[in-house]
Amino acid sequence: MDFGKLFKNISKDFGSNLTYKIGLSPTLKTKQCFCMWSDLLGFSSIFQESNWILNEEVKRRVYERLEAAHSAVLYYSSPTERDLILNDGMAKVFHPKSKDEDSNNILLISIFLRSCVELHISINETEHELGLPGCRSVLAFGESIEYIADDIRYDDYVLNYSKPTDSNISNVAKRTGNPIVVYNPKELQMNTAFSKAYLLESGGSKAGLHGHHFFIDESSIRAIITLATDKGYTPIWEEREEGLCLFVPYNSENIDEVIMGFCFDKEIIIPKDVRYNTKVYKLKRYYPHDEKTIDFYFDLEQC
């Protein structure tokens with residue numbers, strides 16, 4: 001039964017907030033987005049070694065590894081993105097504005113990508129100091145469709161007529177703290193960027209994405225080129241000794257100063273045994289918007 005259609009015309013004065021939220025589904029529309037999915041490598045090995053019996057030593061090791069990685073997620077995030085932590089995996093989502101909505105669109109994309117790179121480097125540095133294998137990260141671009149309420153709380157199940165007349169929340173919800181019962185973040189609802197990144201990362205070495213590296217799906221490259229061009233910038237490809245470079249310069253005559261820049265491994269990956277046909281680039285260097293390319297870059301080969 002489609003409860004969205006069943007409750008579509010129910011007044012908020014009747015039933016509960018749950019029936020109202022179910023019946024008030026968003027209008028169908030898609031939003032473009034970038035998504036990076038990162039995963040701690042070899043995380044399940046400790047459970048296999050202990051046959052999934054969590055003694056105090058196993059608990060401590062799991063806790064310390066997750067705490068270190070996820071504290072970095074909290075630090076390398078910003079109000080313009082949405083992040084999800086799920087066990088040993090981490091997702092970072094950013095919805096760019098259209099070319100007419102925001103004059104700083106490309107700069108915000110650059111800042112988001114920088115936070116992705118810094119998070120990847122930070123986790124790997126900490127992991128390697130502890131003798132751990134690090135994380136693998138994949139950035140992809142796609143669309144998302146918001147189709148239902150993104151959270152359902154305790155109070156949503158309480159019939160509205162039973163609530164105090166001077167309050168929008170029931171007494172029982174107040175006493176319990178009105179916790180969230182159902183999580184369904186709208187930024188990740190039907191998100192093809194997340195799906196692409198997850199498929200590629202989980203394919204791992206068998207798919208051709210080896211080790212604790214940062215990979216960028218071709219969908220992201222195409223999106224960056226399109227979005228930059230829409231704003232009047234001229235993306236430039238250049239093959240150098242160190243790799244295959246893509247720059248988005250402020251001025252096409254000067255690639256020493258860029259909004260963002262990438263240096264990829266020259267060997268482009270064609271993933272195998274993954275339900276997605278694409279090309280993947282292994283990122284070696286990232287050039288931020290506020291430094292000259294000849295002076296500074298984030299070195300992902302050293303992390």
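Laboratory data are not the source of any read-out in this text; all were calculated from the coordinates shown. Because the structure is predicted, anything quoted here is derived from the model rather than measured. Every residue, glycine among them, receives a Cβ derived from its backbone with ideal geometry; neighbour counts consider all protein chains shown.
In table form, for the structure just shown:
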{"item": "Residue-wise HN-Hα coupling along the stretch 58-68, computed from phi with Karplus coefficients 6.51, -1.76, 1.60 (Hz; x: Gly, Pro)", "result": "5, 4, 5, 5, 5, 4, 5, 5, 5, 4, 5"}
{"item": "Whole-Hz couplings from phi, Karplus 6.51/-1.76/1.60, listed for the stretch 238-253; x for Gly and Pro", "result": "8, 8, 10, 4, 7, x, 8, 10, 10, 10, 10, x, 5, 10, 4, 8"}
{"item": "Integer Hz, Karplus 6.51/-1.76/1.60 couplings in order for the stretch 224-237, x for Gly and Pro", "result": "4, 4, 5, 5, 5, 5, 4, 8, x, 8, 10, x, 10, 8"}
{"item": "Paired Rg and Dmax values of the chain, which use every Cα atom, in angstrom", "result": "22.5, 72"}
{"item": "Taking only Cα atoms of the stretch 205-297, radius of gyration then Dmax in Å", "result": "14.0, 42"}
{"item": "Förster radius 35 Å - calculated FRET efficiency between ILE85 and ARG175, Cβ distance, rounded to 0.05", "result": "0.80"}
{"item": "Radius 13 Å from Cβ of GLY42, net charge of other residues (Lys, Arg +1; Asp, Glu -1)", "result": "-1"}
{"item": "Among GLU187, GLU239, GLU218: highest mean-square fluctuation, GNM of the chain, C-alpha pairs under 10 Å", "result": "GLU239"}
{"item": "Sites LYS206 and TYR161 - FRET efficiency at Förster radius 41 Å, r taken between beta-carbons, to 0.05", "result": "0.10"}
{"item": "Extension gain (nm, one decimal) between ASP151 and SER252, 0.36 nm per residue minus Cα-Cα", "result": "31.8 nm"}
{"item": "Pairs from LYS186/LYS272; LYS92/LYS266; LYS92/LYS196; LYS31/LYS206; LYS92/LYS272 whose Cα-Cα separation, in the structure shown, is over 20 Å", "result": "LYS186/LYS272; LYS92/LYS266; LYS31/LYS206; LYS92/LYS272"}
{"item": "Gaussian network model of the chain, Cα within-10 Å springs - most flexible of GLY232, GLY243, GLY203", "result": "GLY232"}
{"item": "Residues ILE10, ILE259 arranged by fewest to most Cβ contacts within 10 Å", "result": "ILE10, ILE259"}
{"item": "Value of [θ]222 nm, deg cm²/dmol, for the chain, DSSP H segments ≥ 4, -39500 (n - 2.57) each, nearest 500", "result": "-10000 deg cm²/dmol"}
{"item": "Kirkwood Rh (inverse of mean 1/r, distinct Cα pairs), the stretch 24-156, angstrom", "result": "17.0 Å"}
{"item": "Proximal aspartates and glutamates to LYS5, defined as alpha-carbon separation beneath 17 angstrom and excluding residues fewer than eight positions away on the same chain", "result": "GLU146"}
{"item": "GNM result for the chain, Cα springs below 10 Å: residue of LYS266, LYS284, LYS174 fluctuating most strongly", "result": "LYS174"}
{"item": "The stretch 1-100: chymotrypsin sites (Phe, Trp or Tyr not before Pro) in DSSP loop, at most 15 other beta carbons within 10 Å", "result": "PHE14, TRP52"}
{"item": "Sorted by Cβ density within 10 Å, fewest first, the residues GLU146, GLU101, GLU238", "result": "GLU101, GLU238, GLU146"}
{"item": "For the stretch 71-89 versus the stretch 225-249, the gap between their alpha-carbon centres in whole angstrom", "result": "28 Å"}
{"item": "Rounded to 5, the percent of DSSP beta bridges in the chain classed as antiparallel", "result": "95 percent"}
